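Novice: Below: one structure in structure tokens.
The values are calculated or read from the model by the stated rules, or taken from the named source; none is laboratory data. Only a predicted model underlies this, so the values are computations on that prediction, with no experimental measurement involved. Don't worry about glycine lacking a Cβ; one is built from the backbone with ideal geometry, like all the others, and counts go over all protein chains shown. Surface accessibility is based on the protein's heavy atoms, side chains included, excluding ligands, DNA and RNA. Shrake-Rupley method; radii C 1.70, N 1.55, O 1.52, S 1.80 Å.
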Amino acid sequence: MSDESMSNPALATEEMPERRSLWGDVWSQFRTHKGAMVGAVVFVLICLAVVVGPYIHTLDPQRLDILNKNLGPSWAHPMGTDNLGRDTFAQVMAGGRVSLLVGVVAMLLSLFVGTAIGVLAGFFKKLDGPLMRLTDLFLALPLLPLLLVIIMLFRDTLRSMFGPETGIFILIVFVIGITSWMQTARIVRGDVLTLKEQEFVVAARSIGTPSRRIISRHILPNVLSPIMVSATLGIANAIITESALSFLGLGFPSDFPTWGRLLYDGANFMQLTPSRVIWPGLAISLTVLGVNYMGDGLRDALDPRIRGR
Amino acid sequence: MAALASTESLQLMLQVTGLSMHFPVYKGLMRRQIGEIKAVDDISFHIMRGETLGLVGESGCGKSTAGRALLKLYQPTSGRVELDGTDVTALEGEDLRRIRTDMQMIFQDPQACLNPRMTVGSIIAEPLDEHTRLSRRQKRQKARELLDAVGMNPDYENRYPHEFSGGQRQRIGIARALALEPKFIVCDEPIAALDVSIQAQVVNLLEDLQQQHQLTYLFISHDLSMVRHIADRIAVMYLGKLVELASREQLYQSPQHPYTKALLSAVPEPDPEKEAIRERIILQGDVPSPANPPSGCNFSTRCPIAQEQCMRETPAWRELEGGRYIACHMVQ
């Protein structure tokens, strides 16, 4: 057979067409999804504004200026000032850094835990019972009291180890991460259960592919869609949980701006200076919407059955 | 070379002795085992090198389970499977992984047997990734050769499975099974999901490949006419047990077991005059549940010639003259 094929010009290695690269295909499909492109542009703009903005609009978000309190928008203060004369624009940008970072890192953590537990429970029958009961346990836990206890117990140790801001950041990300992985785990487990009975998984086993490579090569790429959906919802959830924690006084210190914090502080002054609520609220909404559309486009782009069209 | 080939063809490829595959049934709060499904119950046969053994039987009689248990995709409850002198059932871990290069499987459902997220090239190259140390370029070259060997354009390697028809996907599955140059292939109803015109193409391809690569097939099917075309010897299965095994000519010309007779009488005759006088043996009743098989002969509840002995004693699997095997009290 090999002798024949060597002489067959169609099989000559030199004439093999360029292999299509997976990520090239994904990118070209992603670009055809208008919503996803708009979402990606919005998300990138918000990230840029939050990272680069403070170097352009150099007002210190913490600086008090009582004489200029409760101002409307002006050139000096594009989003006005709050009741202590702090610049809202600077605060939104500074708060965005923390909120986005918390959202993304907490989402990644909960996604990792949820996917790992879901795949292990679905794939290995022996682990299914214990891991799913653990998931039920976490779902049944009353979250707020749990958060209170965790933060009470560990806040001071972490603060002394990493400094007040990093310490509380690690704590919040961890707390949000380990209390939001359960939905992902359940969805992933269900998908893995159906996938592992599919013939292509049996085929991989008959080839002699070890379980870890069956999981990475055949199972994980096929559960990508529900994971993507969980991820996009997870960012929104994390940002909002963080603001709830800040509101309860358990998050970042009160003078440390985050989007959630700004929103709650501004709520009391809604009639006087509505811009204090509108801007952080808009930032949260745009981020969540942008990420959702991005996830939608990415999910379609990663599925070869949709990609061909 | 020819002499060598002829002596080789007499060699035993696969020897199955007393293979059983029972699935436990659990019920209730404490998950107590309340019984077991005897999907495959004490079957024995052998396949010679280069031969095709057809395995026929109705839906749910354990054909596919038997095929999968042979390849140790299930851990058999008992019995021995020897592939080319090696006991497959006793192997574990790395030894089992190594012997998988000698035995491969072609699957029934061409929609489900290819990973929708992998390109055809990487699907065919997966066995090479697992078992060889070829460079990436060599693997690609090999995958293209295999595509060519199963009659497909090598440039299709960059496409995804959903872009192909059922027959083409089945060819891709065959190319994957051939990648490691196995000695023995279990074809698990490879043509059941295909159109009749495509069925013939795939069966011819399987026959050509068998000649080129000296392959040994276990061909599982419920299509009696297709089995007649491809198989050298045919085994008939009913409710987890083999009832008759004979060469193709023997089986189709003079079936001995009453179940085989009934099965063959159901094959339609192309000649309308003969079709008009064809006598069908209609079996009464349904197939009993494999969780609760009848005592004695499994077929005794539906057998037209069953005697009192058949309800009591399980018939032994015995050899008749001419290399045929049967499990029936009534056949002498």
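Novice: When the helix-only estimate is applied to the protein assembly as shown (DSSP H runs of n ≥ 4, each -39,500 (n - 2.57), divided by the residue count), what is the mean residue ellipticity at 222 nm, nearest 500 deg cm²/dmol? Provide the component values of the computation, followed by the final result.
Specialist: Numbers: 26 runs with 331 residues, N = 641.
Calculated from helices alone, the mean residue ellipticity at 222 nm is -16500 deg cm²/dmol.
Novice: For residue B:274, give me every one of the lysines with a C-alpha distance below 27 angstrom, ignoring sequence neighbours fewer than eight places off in its own chain.
Specialist: Reachable lysines: B:261.
Novice: Also, quick follow-up: Once amide H atoms are built 1.01 Å from N in the peptide plane, which residues 5 or more positions from residue A:65, or in another chain, come under 5 Å H to H?
Specialist: Correct list: A:85, A:86.
Novice: Mean shadow of chain B, computed from the convex hull of its alpha carbons, in nm²? Each step should come with its number before you reach the end.
Specialist: Details: hull surface 83.1 nm².
So the Cα hull casts an average projection of 20.8 nm².
Novice: Could you go through region A:175-185 in sequence order and give the Karplus-derived ³J(HN,Hα) for each residue, using 6.51 cos²θ - 1.76 cosθ + 1.60 with θ = phi - 60°, rounded to whole Hz, and x for Gly and Pro?
Specialist: These are the phi-based 3J(HN,Hα) values: 4, 5, x, 7, 9, 10, 8, 5, 4, 4, 4 Hz.
Novice: Quick one: what are the phi-derived ³J(HN,Hα) couplings along region B:167-184, Karplus 6.51/-1.76/1.60 with θ = phi - 60°, whole Hz, x for glycine and proline?
Specialist: x, 5, 5, 5, 5, 4, x, 5, 4, 5, 5, 7, 4, 9, 6, x, 8, 10
Novice: Given a 1.4 angstrom probe, I'd like the percentage of the accessible area of the protein assembly as shown that is carbon and sulfur, rounded to a whole number.
Specialist: Numbers: 17890 of 30740 Å².
Its accessible area is 58 percent carbon and sulfur atoms.
Novice: I'd like the antiparallel share, as a percent to the nearest 5, of DSSP beta bridges with both residues in the protein assembly as shown.
Specialist: Working: 30 of 48 bridges.
In the protein assembly as shown, approximately 60 percent of DSSP beta bridges are antiparallel ones.
Novice: Taking trypsin sites (Lys or Arg not before Pro) that fall in a DSSP loop and have at most 11 other Cβ atoms within 10 Å as cut points, what is the longest piece of chain B between them?
Specialist: Numbers: sites that count: B:31, B:133, B:280.
My reading of the result: B:134-279 is the longest stretch.
Novice: Given contacts defined as C-alpha pairs under 8 Å and at least six residues apart, what's the relative contact order of chain B, whole-number percent? Write down the numbers at each step before the final one.
Specialist: Numbers: 595 pairs, mean separation 61.8, N = 332.
Relative contact order for chain B comes out at 19 percent.
Novice: Let me ask something else. Pop out the ³J(HN,Hα) list for region A:191-207 in order, Karplus 6.51 cos²θ - 1.76 cosθ + 1.60 with θ = phi - 60°, rounded to Hz; leave Gly and Pro as x.
Specialist: 5, 5, 4, 6, 5, 6, 8, 5, 5, 5, 6, 4, 4, 4, 5, 5, 6
Novice: Let me ask something additional. Might you tell me the accessible area per residue for chain B, computed with a 1.4 Å probe and given in Å²? Could the numbers behind the result be given before it?
Specialist: Details: 15050 Å² over 332 residues.
That works out to 45 Å² for each residue.
Novice: In whole percent, what relative contact order does chain A give with Cα contacts below 8 Å and a gap of six or more residues? Please report the intermediate quantities before stating the final value.
Specialist: Values: 390 pairs, mean separation 83.8, N = 309.
Normalised by residue count, the contact order of chain A is 27 percent.
Novice: Going down the list B:72/B:183; B:63/B:142; B:72/B:142, which pairs span over 25 Å between their C-alpha atoms? Walk me through the numbers on the way to the answer.
Specialist: On the way: B:72/B:183 16 Å; B:63/B:142 32 Å; B:72/B:142 27 Å.
The answer is B:63/B:142; B:72/B:142.
Novice: Could you give the radius of gyration (one decimal) and Dmax (whole number) of the Cα atoms in region A:187-309, in Å?
Specialist: 21.4, 70
Novice: Could I ask something else about it? In percent, how large is the relative contact order of region B:208-279, given Cα pairs closer than 8 Å and 6 or more residues apart? Intermediate results must be reported in sequence, preceding the final value.
Specialist: Values: 48 pairs, mean separation 13.2, N = 72.
After rounding, I find 18 percent.
Novice: With labels modelled as points extended 7 Å from the Cα through the Cβ direction, what inter-label distance (nm, one decimal) is found for residue A:27 paired with residue B:274?
Specialist: Distance between the two pseudo-spin positions: 6.5 nm.
Novice: Express as a percent, rounded to the nearest 5, the fraction of DSSP beta bridges in chain B (both residues included) that run antiparallel.
Specialist: Working: 29 of 47 bridges.
In chain B, approximately 60 percent of DSSP beta bridges are antiparallel ones.
Novice: Would you mind checking the tilt of helix B:120-131 against the longest principal axis of the Cα atoms of chain B, expressed as 0 to 90 degrees and rounded to 10?
Specialist: The angle comes out at about 80 degrees.
Novice: Sticking with this structure for a sec: Please compare each pair in A:125/B:139; A:125/B:241; A:126/B:139 to a cut-off of 31 Å on the Cα-Cα distance and tell me which ones are over it.
Specialist: Working: A:125/B:139 34 Å; A:125/B:241 29 Å; A:126/B:139 36 Å.
Violating the 31 Å limit, Cα to Cα: A:125/B:139; A:126/B:139.
Novice: Same structure, new question: What is the interface area between chains B and A, defined as buried accessible area summed over both chains with a 1.4 Å probe, reported in Å² to the nearest 100? Spell out each step's value before the answer.
Specialist: Working: alone 16880 and 17570 Å², together 30740 Å².
Separately minus together, B and A give about 3700 Å² buried.
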